[in-house]
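Encoded as structure tokens, the structure appears first; notes follow it.
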Amino acid sequence: MKKILFLSLAIVLLLAGFALAMGEKPRMSGSAEIGKLAADFTLTDLSGQEIKLSDYRGKTVFLNFWATWCPPCRQEMPSIQSLYQKTAGKDMEILAVSLDRGDIRSFVEQGKYSFKILPDPKGEIGRQYGVTGIPTTFIIDKNGVIKQRAVGSRDWSGFKP
């Protein structure tokens with residue numbers, strides 16, 4: 001029985017190795033393409049309010065995927081807060097989707113981040129958007145169309161939508 005199990009596992013690993021060697025790329029379960037309509041989603045923010053992306057049609061949406069354990073994410077968060085302070089009450093909304101599995105509230109309180117933080121502990125929205133590295137930011141126009149995708153940390157304080 002152990003030999004059959006071992007042989008089966010060896011065959012599976014061997015086939016997987018061949019697939020990788022032949023240049024097979026892993027398939028993402030979702031993707032967000034520039035020029036396409038952004039996929040709608042609903043998440044609950046830290047105050048318990050349901051946030052639906054489509055409710056922000058008519059505004060530019062800055063959609064950021066991040067996590068507290070990610071040093072580049074932590075590095076860019078103050079610049080996102082600065083951008084939020086400059087654009088609050090204008091035609092732009094910042095939605096920061098946290099891919100953390102644990103509590104993020106203390107991190108947010110310590111940094112005094114006041115933009116909308118949306119926990120996505122199972123990473124469902126991240127997968128829907130094809131996020132494979134964080135931080136990743138999407139700029140979505142007033143019609144709900146993705147205009148930009150930025151992977152990696154940026155200084156967003158001077159960004160103009």
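Laboratory data are not the source of any read-out in this text; all were calculated from the coordinates shown. Only a predicted model underlies this, so the values are computations on that prediction, with no experimental measurement involved. All Cβ positions, even for glycine, are placed from backbone atoms using ideal geometry, and neighbour counts span all protein chains on display.
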Could you state the number of Å between the C-alpha centres of the range 139-161 and the range 62-123? 14
The answer for trypsin sites (Lys or Arg not before Pro) in the range 75-121 that fall in a DSSP coil and have at most 13 neighbouring Cβ atoms within 10 Å is LYS90, ARG101, LYS112
What aspartates and glutamates sit close enough to LYS112 to cross-link, taking a C-alpha to C-alpha distance under 16 Å and skipping anything fewer than 8 places away on the same chain? ASP45, GLU76, ASP103
Cβ-defined net charge surrounding GLY111, 13 Å radius [Lys, Arg +1; Asp, Glu -1]: +1
Point-to-point label distance, SER47-GLN148, nm (Cα→Cβ direction, 7 Å offset): 2.7
For the range 31-98, which GluC sites (Glu not before Pro) are in a loop by DSSP, counting at most 14 other Cβ atoms within 10 Å? GLU33
